[in-house]
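Student: Input: one structure, supplied below.
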Amino acid sequence: MSERTVELDERVFEHDLAAAPDAVFPLLCPVREHEWLDGWNGELLRSRSGLVEQGAVFLTKNEDGSETVWFTTLHDPERRRVAFVRVIPAFALIEMAIDVAPRAEGGSRLRFAYRLTGLSDAGNAHIRGARPTDFAPLRERTAWLARSLDHFLATGTMLRRPL
């Protein structure tokens, strides 16, 4: 059995929203994201309810045309927590947990917890290369998600990415 080098890293990003947790949580769904997340291309493959639920499977397309497979490992509306495992074949496995908590001063705090595992030399290099910036692109992505959610819940319209 050959031994592979595997890069592993964990990151947590938090963002505050004006909207209440019970308004935010239902939108963290691969089907509902089409309503509020500009550029979202999720395709639901398996779900009894037609929405996010534990065991749901969906796909997204990457910029290079490859696909990412998502598997919902946790869906807990009472605690407002959802978790996924994302597999980008021959690149990386990404565990992602999202918690939506109330803030004492009102609104919500979104907490994104990631565990990234390289599955190839390219995936390992990507993780190593992101460390010097403290994973800035991932932080920017979660900030965009938070702004998009806040905008949608305040206006009922999708926030469009700048050109």
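Each reported figure results from applying straightforward, stated rules to the coordinates on display, with no laboratory input. The shown structure was predicted, so the numbers you read here are calculated from the model rather than taken from an experiment. When we count neighbours, we look across all protein chains shown, and the Cβ atoms used for this are built from the backbone with ideal geometry, even at glycine.
Student: Out of the GluC sites (Glu not before Pro) in the range 17-69, which ones are loop residues according to DSSP with at most 10 other C-beta atoms within 10 Å? Walk me through the numbers before you get to the answer.
Tutor: Values: sites: 33, 35, 43, 53, 63, 67; in loops: 53, 63.
Within the range 17-69, the qualifying GluC sites (Glu not before Pro) (loop, at most 10 other Cβ atoms within 10 Å) are 63.
Student: Okay, next question. How many angstrom separate the Cα center of the range 19-67 from the Cα center of the range 97-114?
Tutor: 19
Student: Quote to one decimal, in nm, the extra length available between residue 43 and residue 117 on full extension: 0.36 nm per residue of separation minus the C-alpha distance between them.
Tutor: Working: separation 74, 0.36 × 74 = 26.64 nm, distance 2.37 nm.
Result: 24.3 nm gained on full extension.
Student: If I build a Gaussian network model for the chain, linking alpha-carbon pairs within less than 10 angstrom, which residue out of 24, 57, 12 has the largest mean-square fluctuation?
Tutor: Maximum fluctuation in the GNM of the chain, among the listed residues, is at 12.
Student: Let me ask something else about it. Only Cα pairs within less than 10 Å get springs; with that Gaussian network setup on the chain, which residue of 47, 66, 120 has the largest fluctuation?
Tutor: 66
Student: Remind me, relative contact order of the range 23-110 in percent, using alpha carbon pairs under 8 angstrom and six or more residues apart? Let's see the in-between values first.
Tutor: On the way: 161 pairs, mean separation 15.4, N = 88.
This gives 17 percent for the range 23-110.
Student: So how far apart, in nm, are the two label points at residue 157 and residue 134 if each is 7 Å from Cα heading toward Cβ?
Tutor: 3.4
Student: Rg(Cα) of the chain divided by 2.2 N^0.38 Å?
Tutor: On the way: Rg = 16.2 Å, N = 163, 2.2 N^0.38 = 15.2 Å.
Ratio of Rg to 2.2 N^0.38 Å for the chain: 1.06.
Student: Shifting gears a bit: With springs only between Cα atoms under 10 Å apart, run a GNM on the chain and tell me which of 48, 81, 128 wobbles the most.
Tutor: In the Gaussian network model the winner is 48.
Student: What is the distance, in nm, between label points placed 7 Å from the Cα along the Cα-to-Cβ direction at residue 126 and at residue 8?
Tutor: For the pair residue 126/residue 8, the computed spacing is 1.9 nm.
Student: Give me the percent relative contact order of the range 8-155, please, defined on Cα pairs under 8 angstrom at least 6 residues apart. Walk me through the numbers on the way to the answer.
Tutor: Details: 292 pairs, mean separation 40.4, N = 148.
About 27 percent, as a whole number.
Student: Also: Rounded to the nearest 500, what is the 222 nm mean residue ellipticity of the chain from helices alone, with -39500 (n - 2.57) per DSSP H run of 4+ residues and division by all residues? Don't skip to the answer; put the middle values down first.
Tutor: Working: 4 runs with 38 residues, N = 163.
-6500 deg cm²/dmol, from helical runs alone.
Student: Can you tell me the order of 152-158, 95-101 when each peptide is scored by its average per-residue count of other Cβ atoms within 10 angstrom, highest first?
Tutor: Numbers: 152-158: 13.3, 95-101: 18.0.
My ranking of the peptides, most packed first, is 95-101, 152-158.
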